[in-house]
Amino acid sequence: MTSAPLASRLRVPSGPLFFPVTAYGPDGALDLDTFRAHVRGGIEAGAAAVFACCGTGEFHALTPEEFQECVAAAVDETAGRVPVVAGAGYGTALAVRYARLAEEAGADGLLAMPPYLVVAGQEGLIRHYTELAAATSLDVIVYQRDNAVLTPESVVELARADGVIGFKDGLGDMDLMQRTVSAVRSEVPGDFLYFNGLPTAELTGLAYRGIGVTLYSSAVFCFAPDIALAFHRAFNAGTPEGDAVVNRLVDGFYRPFVELRALGRGYAVSLVKAGVRLGGLDVGPVRPPLHEPADEHVKRLAELVEQGRALLGDAKGTV
Ligand SMILES: O=CCCC(=O)C(=O)O
């Protein structure tokens, strides 16, 4: 068990960053046993970190009590082998409450989900994230998406703030992200972490690597860990052979998956959860306001996973 700082444990991950789904029983109640099995399976498959109760984990749908139970279960299942990062969101008061619940549950860090509803200005967003980082001993990764879009100047200020160790981009504006990476590199000494945090981050992995962002979140790891691991190995090889495998997986699996995911609102969560069920673990449905994917889309997902696995034979031995 290591007590190394979170940033050093995430900087060069030995495997994918795992964003588990949250399991519910037939009655819609939290199913901790199945959630534990899902987390255990991801760790045994090679996850380098567990990001519990984040977007894919339906942070928005959990009560504070359920949130703390899930984070504690993830901490227990990892047993210090890999870090557990927990979501913390809504307005500052609630985000701080979630942060304290995560700290009590033994989490190693926080992923700062966007504030709720309001489209705040930069001054308010900076106050929000710095107050969240000051509220507990947990380091914070700021998550840019939806109503939480930051200017490069704001990220420079946050990179200087105590307890803010990284920035996860879920927006996908490469011009903005390049200007942000450049501004922080020019003005803040140290090694700030950046993550490609798009819903299916592997699709744009090479583009983000081109601007120096090599860390990414993997939702595919939830339901097709073998495909996500093959991608991770090839992507991190940084060789022409590895990049050729990356492109084969993008062409034959990730692009068609992203195009399928685009067919339904909330599919970045509900289709991933259906994929976990296809793999044999009954994690239950999504909670409202999300809805279940159409049967034909789930059938197509099963076909895509088989198509992706067929590509793994080609990748064997390449990386
Ligand atoms: O690529 C996966 C995105 C997962 C994520 O960012 C989240 O669950 O919050």
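Please give the number of the condition Leu6 fails out of (1) more than 22 Å from Asn236 (Cβ to Cβ); (2) at pLDDT 95 or above; (3) out of contact with any helix residue (DSSP H, G or I) (no Cβ under 6 Å at 6 or more places or on another chain).
(1)
Could you grab me the full set of residues in segment 44-70 that are open to solvent by 20 Å² or more (accessible area, probe 1.4 Å), free of Cβ contacts under 8 Å to residues at least 60 places away in the same chain and farther than 16 Å from Glu103 by Cα?
Passing the criteria: Glu44, His60, Thr63.
Which numbered condition trips up Gly172, out of (1) surrounded by fewer than 20 Cβ atoms within 10 Å (Cβ to Cβ); (2) away from the ligand (no atom under 13 Å from the Cβ); (3) under 27 Å from Ala234 (Cβ atoms); (4) of a type outside the set (S, T, N, Q)?
Condition not satisfied by Gly172: (2).
Only one of (1) within 16 Å of the ligand (Cβ to nearest atom); (2) within 15 Å of Ala228 (Cβ to Cβ) is not met by Arg309, so which one is it?
Answer for Arg309: the failing condition is (1).
Tell me the residue from Arg97, Arg40 that is open to solvent by 10 Å² or more (accessible area, probe 1.4 Å), farther than 25 Å from Ala274 by Cβ, among the charged types (D, E, K, R) and modelled with pLDDT of 95 or more, please.
Of the residues listed, the single one that is open to solvent by 10 Å² or more (accessible area, probe 1.4 Å), farther than 25 Å from Ala274 by Cβ, among the charged types (D, E, K, R) and modelled with pLDDT of 95 or more is Arg97.
Between a first residue in segment 128-147 that is aromatic (Phe, Trp, Tyr) and a second residue that is more than 15 Å from the ligand (Cβ to nearest atom), which pairs have beta carbons less than 7 Å apart while being 6 or more apart in sequence or on different chains?
Sorted first by the residue in segment 128-147, then by its partner, the pairs are Tyr129/Leu158; Tyr129/Val164.
Within 30 Å of Val84 (Cβ to Cβ), assigned to a helix (DSSP H, G or I) and open to solvent by 70 Å² or more (accessible area, probe 1.4 Å): which single residue out of Arg233, Arg255 fits that description?
Result of the check over Arg233, Arg255: Arg233.
Considering (1) within 22 Å of Glu69 (Cα to Cα); (2) open to solvent by 40 Å² or more (accessible area, probe 1.4 Å), say which one Thr130 fails and leave the rest.
Thr130 satisfies every listed condition except (1).
Here is a check on your reading of the model: is Ala23 surrounded by fewer than 21 Cβ atoms within 10 Å (Cβ to Cβ) and either under 24 Å from Tyr194 (Cα atoms) or of a type in the set (A, V, I, L, M, F, W, C) (or both)?
Considered against the rule, which asks whether it is surrounded by fewer than 21 Cβ atoms within 10 Å (Cβ to Cβ) and either under 24 Å from Tyr194 (Cα atoms) or of a type in the set (A, V, I, L, M, F, W, C) (or both), Ala23 comes out as no.
Would you check which residues across segment 189-225 are closer than 17 Å to Pro256 by Cβ, open to solvent by 10 Å² or more (accessible area, probe 1.4 Å), in contact with a helix residue (DSSP H, G or I) (Cβ under 6 Å, 6 or more places away or on another chain) and part of a helix (DSSP H, G or I) and list them?
Leu203, Phe223 - these are the residues of segment 189-225 that are closer than 17 Å to Pro256 by Cβ, open to solvent by 10 Å² or more (accessible area, probe 1.4 Å), in contact with a helix residue (DSSP H, G or I) (Cβ under 6 Å, 6 or more places away or on another chain) and part of a helix (DSSP H, G or I).
Given the criteria in a helix (DSSP H, G or I), surrounded by fewer than 17 Cβ atoms within 10 Å (Cβ to Cβ), away from the ligand (no atom under 15 Å from the Cβ) and at pLDDT 95 or above, does Ala244 qualify?
Here the answer is yes, as Ala244 does meet what is asked.
Every residue, every condition in (1) within 16 Å of the ligand (Cβ to nearest atom); (2) open to solvent by 60 Å² or more (accessible area, probe 1.4 Å); (3) more than 20 Å from Arg11 (Cβ to Cβ), yes or no:
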| residue | (1), (2), (3) |
| --- | --- |
| Ala120 | no, no, yes |
| Gly124 | no, no, yes |
| Leu138 | no, no, no |
| Ala148 | yes, no, yes |
| Ser182 | no, no, no |
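Does Ala93 fit the bill of being under 20 Å from Val286 (Cα atoms) and either hydroxyl-bearing (Ser, Thr, Tyr) or more than 12 Å from the ligand (Cβ to nearest atom) (or both)? First the steps, then the outcome.
Numbers: under 20 Å from Val286 (Cα atoms): no; either hydroxyl-bearing (Ser, Thr, Tyr) or more than 12 Å from the ligand (Cβ to nearest atom) (or both): yes.
Answer is no for this residue.
The values are calculated or read from the model by the stated rules, or taken from the named source; none is laboratory data. Small disclaimer: the values here were computed from a predicted structure and weren't measured. Note that each Cβ is placed from the backbone with ideal geometry, even for glycine, and that neighbours are counted across all protein chains shown. Ligands, DNA and RNA are stripped out before the accessible areas are found, and what is left, the full protein with its side chains, is counted by its heavy atoms. Shrake-Rupley method; radii C 1.70, N 1.55, O 1.52, S 1.80 Å.
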